Structures are given as structure tokens and as C-alpha cells.
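These notes concern the structure reproduced below.
Every number in this text was worked out from the coordinates using simple rules, so none of it is lab data. Computed from a prediction, not measured in an experiment: that's the story for all the values here. So basically every Cβ, Gly included, is an ideal-geometry build from the backbone, and we count neighbours across all protein chains shown.
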Amino acid sequence: MMVPFLSARSREALERLAASERTDADPLTRLRDIRDLTAALETEPALLASVRAALAAGESWQSIADAARIKSAAAKWRWQGSDEEIAARLEAGRKRSARPSSVPTDLPGLSVSEAAKSLGVSAQAIYLRISRGTLTATTVTLDDGRSYKRVMLP
């Protein structure tokens, strides 16, 4: 299966998937091959080259996004700017996704929603009480940059 505009990595992943189909490979092998192809295509240099060619031909970001079947903002985030800018955005995204997604349980006080539930009021009421000085709150910033508003109930 020859697709000359794809990188060697993408062509190899495509060939492995085609081979696993021909040899009636087990489902896990096929799954790995599909994911390998997906990962290769997501970083395929031909994608960026096609986007840049479309922009040079006068296409809008909206038409590029429509062709890629994504939102315009997502297309710009992925492909706008220099190679260095794109690489920096992707690296920042990888770092964000590598951070733990769960809220730490050892933070002082209560979250705004926990305080609201405890007092039987809305989160907005908690924020109003904080701004009026009837409740105290602090913002805890973790080493990885995440921050949490914590409410200290009397």
C-alpha cells in the first residue's frame, strides 16, 4: 500500500495494520496497530504541509478546520505559527496532560462546593461571604501550578 506523501513512520504503521488484517492477527495486535497508525498520523508532517499549502492558496482557517473535521480554534492551535511555536504548544499540552487530574485530598479547609454543601447555600453565596469578610479563604498553589480556593469554616 503505497502512499508517497506520508512519512516513513506513518507508512510503516499503515503497512503493519494492513499485514495484521491479512494475517488475521489477534484483536490486541490489531488494536496496537490501529493506535500506532493513529499516533503516527496525528504527528504526520504531511498534515502541516497540507495546511500550509491550503493557507498559501487562500483558504480560511474555517475551511481547513472543516476539512480536518475539527473546530477552527483547534485547527489554529495545532497548525498556526512557526514549527517552533507549534512544538512549544504541543509540549505544553503534553505537560498539562501528564499532571495528575485529581484534586489532592490533603489540602487545608474545604473547597468552595464542599463549604456550600456544608452550609446549605450556593457556591455564589460562599464567594459573597468571602468578599464580605464573613468567611476566610485562601488560595493554595501546588508545585505543578494548579491552584485551589480553600474555605476555612469557623
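What the pair-distance distribution of the chain shows, using all Cα-Cα distances binned every 5 Å from zero, is 1, 8, 11, 11, 10, 10, 9, 9, 9, 8, 7, 4, 2, 1, 0 percent. Going from the residue with the fewest nearby Cβ atoms within 10 Å to the one with the most, Val121, Val112 rank Val121, Val112.
Other residues lying with their Cβ under 13 Å from the Cβ of Ala125 contribute a combined charge of +3, Lys and Arg counting +1, Asp and Glu -1. In this label model, Lys76 and Ser131 are separated by 3.0 nm, measuring between points 7 Å along each Cα→Cβ vector. About the centre of its Cα atoms, the chain shows a dipole size close to 760 debye [charges on the beta carbon of Lys, Arg (+1) and Asp, Glu (-1) only; nearest 20 debye].
Each of Ser122 and Glu84 was given a label point 7 Å from its Cα along the Cα-to-Cβ line. The distance between the two points is 4.9 nm.
Across the chain, Cα pairs under 8 Å and at least six residues apart give a relative contact order of 13 percent. Annotation: extensible slack from Thr29 through Asp143 equals 37.1 nm (criterion: 0.36 nm per residue apart, minus Cα-Cα distance). Over all Cα atoms in the stretch 8-98, the spread is summed up by Rg and Dmax: 15.9, 46 Å. Inter-label distance, Ala46 to Glu12: 1.7 nm, where each label sits 7 Å from its Cα along the C-beta direction.
Only helices enter the 222 nm calculation for the chain: every DSSP H run of n ≥ 4 contributes -39,500 (n - 2.57), and dividing by all residues gives -18500 deg cm²/dmol, rounded to 500. For the stretch 43-82, just say rounded, prolate or oblate: build the C-alpha gyration tensor, square-root its eigenvalues into a ≥ b ≥ c, call rounded for a/c under 1.5, and beyond that prolate if a/b exceeds b/c, oblate if not. Rounded is the answer for the stretch 43-82, as its axis ratio a/c remains below 1.5.
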